Amino acid sequence: DAKTTQPNSMESNEEEPVHLPCNHSTISGTDYIHWYRQLPSQGPEYVIHGLTSNVNNRMASLAIAEDRKSSTLILHRATLRDAAVYYCILRERAQGAQKLVFGQGTRLTINP
Amino acid sequence: GAVVSQHPSRVICKSGTSVKIECRSLDFQATTMFWYRQFPKQSLMLMATSNEGSKATYEQGVEKDKFLINHASLTLSTLTVTSAHPEDSSFYICSATPWGEGFYGYTFGSGTRLTVV
């Protein structure tokens, strides 16, 4: 499985933008980039995913480097509820449900 | 959206007994479900891939005879921890996805916290 590298922790202030980086230098041309987050004592929650182009949804934006070796999850205006562990995961592009292998993730702290 | 329900949310059992955890896809059919375990302050570790109507695929190092997985229908997978011991105490999480048109990612259950005493 192709691996991702994320900072162990990051800190930001409420109502400010947050940029969470992820390096995936061994990504293959058929890997999707997924982001999930996990609040304490809960299962992970899907945030966003993309392949080559930048993506936006109601939760966040995903900026993908042109060479696809890195990506950045952008929370445009952080709230206290965004404090969580954020996981960047590569998923093989194939038919059917492919397994997700979690790395260590980034623990995001939001200061009021 | 896709909802995965996991039950129970919390269970305490005595050492040597077995515990069954259920994972249901409520509004979609899931031919494949995934089981993870998570120790405190650690990431999720994939245990196995559960396939409807066939045997589960276990990750390396996971004892298939200890963690029995049954996926008898398109909406239900169960994980049974057999002869549980204190070292099996962990947070168990299942996941599934309504693969196909309108795919929005994988949905996870809320987890089951198992404590073996």
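The values are calculated or read from the model by the stated rules, or taken from the named source; none is laboratory data. Every value quoted in this text rests on a predicted model; they were computed, and no experiment measured them. All Cβ positions, glycine included, derive from the backbone under ideal geometry; neighbour counts span all protein chains shown. Please note that ligands, DNA and RNA were not included when accessible areas were found on the heavy atoms of the full protein model with its side chains. Shrake-Rupley method; radii C 1.70, N 1.55, O 1.52, S 1.80 Å.
Per residue of B:92-98, what is the mean number of Cβ atoms on other protein chains within 10 angstrom of that residue's Cβ? Display every interim value, and only then the final one.
Working: counts 1, 4, 1, 7, 1, 6, 1.
That average works out to 3.
Rolling a 1.4 angstrom probe over the protein assembly as shown with all protein chains present gives an accessible area of which 47% lies on carbon and sulfur atoms. Figure legend: label point modelled 7 angstrom from the Cα of A:Glu15 along Cα→Cβ; residues of the stretch A:71-93 with amide N under 19 Å from it are A:75-83. Counting Lys and Arg as +1 and Asp and Glu as -1 over every other residue whose Cβ lies under 14 Å from the Cβ of B:Thr17, the net charge comes to +2.
Annotation: per residue accessible area for chain B equals 50 Å², rounded to a whole number [probe 1.4 Å, protein chains only].
Take every residue in peptide B:79-91, count the Cβ atoms of other chains within 10 Å of its Cβ, and give the average of those counts.
Across B:79-91, the average partner-chain Cβ count within 10 Å equals 0.
Neighbours of B:Leu76 by Cβ distance under 10 Å: Lys/Arg scored +1, Asp/Glu scored -1, total -1. The B and A chains share an interface that buries close to 1700 Å² of accessible area, total over both sides, probe 1.4 Å. Annotation: amide H of B:Ala56 within the under-5 Å range of B:Asn51, sequence separation 5 or more or interchain, hydrogens built in the peptide plane.
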